[in-house]
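Comments concern the structure below.
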Amino acid sequence: AVGEKYLIDLVVSSIIVRAQAEGFNGTRGDGFPLAHMLAQVAMHLSSTDFVKAIMAHIYTVCPTTIPTLPAPKAGCSEKDLMESLSMQKQKNGEYETFPRFLARTEGIVSLVAEIMCSIPLDHVMFGGSKAAILWLQRFLDLLPEEQTPLPILTAP
């Protein structure tokens, strides 16, 4: 059982590294094939350890996929804010740049959405296709209340 959990963790860790890589959402388009494979694997395993492991890894590197907004304490330091967003430290001890953080987060959020949209429709990962609508609704609920229309700038 320990060996099985180690193997699952190793596979899931590799998947998460790939989903965070630059170009994951690029022209290579490996998001949907990977998501489909994950949904298929989850359907055929008798244990839920794989599903729990991938969800835990995803929520650790990208809490936005829950989805919820991080709630740092008022007046927190920049370091505390970066950690609440799950920004990663580079080898030199500095946090990743914001554009890199957004690209990495986009890869993970896309993978979650692609998993939910994968067939078979009754797969269990992230609640499957039925949960996709609820998940999207929670993201939409995070948007601020209607604002006054923004002016559209056009060239003269």
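The values are calculated or read from the model by the stated rules, or taken from the named source; none is laboratory data. The model shown is predicted, which means the values in this text are computed figures rather than measured ones. Accessible surface is based on the protein model in full, side chains and every heavy atom, while ligands, DNA and RNA are left aside. Shrake-Rupley method; radii C 1.70, N 1.55, O 1.52, S 1.80 Å.
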Of the residues in segment 104-125, those that are assigned to a helix (DSSP H, G or I), open to solvent by 10 Å² or more (accessible area, probe 1.4 Å) and over 13 Å from T64 (Cα atoms) come to E114
Only one of (1) at pLDDT 80 or above; (2) within 18 Å of the chain's Cα centre (by Cα); (3) open to solvent by less than 100 Å² (accessible area, probe 1.4 Å) fails for Y95. Which number is that?
(2)
